[in-house]
1. Confirm whether Ser41 is more than 30 Å from Lys347 (Cα to Cα) and either in contact with a Pro (Cβ under 6 Å, 6 or more places away or on another chain) or not in a helix (DSSP H, G or I) (or both).
2. Just one of Leu348, Leu413, Leu404 is of a type outside the set (Lys, Arg) and more than 22 Å from the chain's Cα centre (by Cα); which is it?
3. Which of (1) open to solvent by 20 Å² or more (accessible area, probe 1.4 Å); (2) in contact (Cβ under 8 Å) with a residue 40 or more places away in the chain; (3) within 22 Å of Asp264 (Cα to Cα); (4) of a type in the set (Lys, Arg) is the odd one out, the single condition Lys196 does not satisfy?
4. Can you name every residue in the range 150-192 that is under 30 Å from Val282 (Cβ atoms) and open to solvent by less than 30 Å² (accessible area, probe 1.4 Å)?
5. Read through the list (1) open to solvent by 80 Å² or more (accessible area, probe 1.4 Å); (2) among the charged types (D, E, K, R); (3) within 30 Å of Trp8 (Cα to Cα), then give the number of the only condition that Lys254 fails.
6. Filter the range 493-524 down to the residues that are within 17 Å of Asn338 (Cα to Cα) and touching a Cys at 6+ places or on another chain (Cβ under 8 Å), then identify the one that is least open to solvent (accessible area, probe 1.4 Å).
7. Restricted to the range 52-108, and to residues that are over 19 Å from Asp260 (Cβ atoms), within 40 Å of the chain's Cα centre (by Cα) and outside any helix (DSSP H, G or I), which residue is modelled with the highest pLDDT?
8. Please list, ordered by first then second residue, the pairs with beta carbon atoms under 6 Å, 6 or more apart or interchain, first in the range 236-253 and farther than 19 Å from Glu92 by Cβ, second open to solvent by 20 Å² or more (accessible area, probe 1.4 Å).
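The values are calculated or read from the model by the stated rules, or taken from the named source; none is laboratory data. It should be emphasised that the depicted structure is a prediction, and the values quoted were computed from it without experimental measurement. Glycine gets a Cβ as well: all are built from the backbone with ideal geometry, and neighbour counts include every protein chain shown. Each accessible area value is taken on the protein alone, full model and side chains, heavy atoms only, with ligands, DNA and RNA left out. Shrake-Rupley method; radii C 1.70, N 1.55, O 1.52, S 1.80 Å.
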Amino acid sequence: MSWGTELWDQFDNLEKHTQWGIDVLEKYIKFVKERTEIELSYAKQLRNLSKKYQPKKNSKEEEEYRYTSTRAFLATLNEMNDYAGQHEVISENMTSLITAELTRYVQELKQERKSHFHDGRKAQQHIETCWKQLEASKRRFERDCKEADRAQQYFEKMDADINVTKADVEKARQQAQLRHQMAEDSKAEYSSTLQKFNSEQHEHYYTHIPNIFQKIQEMEERRIVRIGESMKTFAEVDRQVIPIIGKCLDEITKAAESVDHKNDSQMVIEAFKSGFEPPGDVDFEDFTQPMKRTVSESSLSNSRGDGKSEPKFSSKSKGKLWPFIKKNKGAGPEDFSNLPPEQRRKKLQQKVDELNRDIQKEMDSRDALTKMKDVYIKNPQMGDAASVDHRLAELGQNIEKLRLEVQKFEGWLAEVEGRLPARTEQPRRQSGVYEAQNPSGVNSCAQDRESPDGSYTEEQSQETEMKVPATDFDDEFDDEEPLPTIGTCKALYTFEGQNEGTISVAEGEMLYVIEEDKGDGWTRIRRNEDEEGYVPTSYVEVYLDKNAKDVHKPLQKISE
């Protein structure tokens, strides 16, 4: 269990989490300071302090109390209600043994944290610099290849012209050879730079980043242990002076000893782990295709024929250099479809459990009112039985609404866990018929869609368009119809689909698209009629195709 390997792409979340840890520590220091002041006053002030630091109901702060260290702090607050009549000795001991020590430790912790994240950003800048060098080398290689091709064509034109002197022909030949040599040198330089970049990238993602994150994990675990030790000291100071509240102090000690830094670290992994793999090596792009003609074998006719089609070079990289991308903030959809499958399943399960608890509360209230009504019926002098009918009806309506909500979220949960089809099929069938009758709607969608690198064009769509003959309408309504395909896609990287609802793809593989990205970063694809699922949109290049309807013919894996 290591943050360096499990959370390699969660730089921003780790930065927030460690800052939150310092905030918790500073909050605890402030808590102890105020506690020492209250020790000089009345027990009522001490109870108010405990209430002040209780987490708010149904808030983000309440979710943060799932960690063992923060749960121990919460247990300490609960025991504070039993403290009363404390005196100055407790205040003095807490000031010297907890407040002063933790204040000094927080300053050291901030410096260490600043140093680690500075190293992370420095590593990021280094890999970005290497990438820029690779891009410059590639563009230089591309330019020299084009120059060599033009020089070759000029030489062939001079050689074929009988009115040109031999000196001019020889000069053009020498220029062509020079340009050809420059292109070869650029090719060698580009190859060397590419190898260096791939080595640097591998070193970055498998050595530098894991080492930095491991140090951050050790720092965070020391903070968790330290706050646990401070809570134990907090309890021991009271124990020396007030034996009567020994039971309360034992509970605080027990809470402090329950702090488990390994468990907290694992919870951070479960909360932030994306499941994605680091990007692979960048492929070599060969720009020497137009240069295969030699000086002695070239002719004017060949040069004219070859000049009609020039290679298309793309300087945009489809690789992902730095995974620490800030995610969009704001309220997500009700079904949590903006989350990865595993995180979505957890959120849906939490929502179902919450709704079930609400239902149980409403049912308990209804049972209590029912019993009260029975008492009123048997003893009319105690109250009017009809007075509770309105409340009983209201509770019944609330329970029915909550049950409908539970069914809705359980349906989404079953979809994620694979217990139900991935969407309701009837609307899909209707949508498929409508699209077959109105292909213009699909075509306009294809025109508006861009590929993941922002370079989608109609020409690209035509090059990769796969036309499949439409099948006859099936009259057997009991058979499950597959979702209609809306295009094809090419896998830019290998993706291991380990979570429910995802599918594994290999780099270069061609597949069918059956559902576009809805803004959550996932695209639904199909390999054959038995294999379909979601993949990250950034891992595939999509070509929308209004004619791609056949889901039974497998696509072949291609190589660039």
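1. Judged against the criteria, Ser41 is a match.
2. After ruling out the rest, the residue left standing is Leu404.
3. The number of the failed condition is (3).
4. Ala151, Gln152, Ala183, Ser186, Tyr190
5. (3)
6. Residue satisfying both the conditions and the ranking: Thr523.
7. Ranking the candidates gives Tyr53 first.
8. Going by the 6 Å Cβ cut-off, the qualifying pairs are Cys248/Glu79; Cys248/Asp82; Glu251/Glu79; Ile252/Glu79; Thr253/Lys232.
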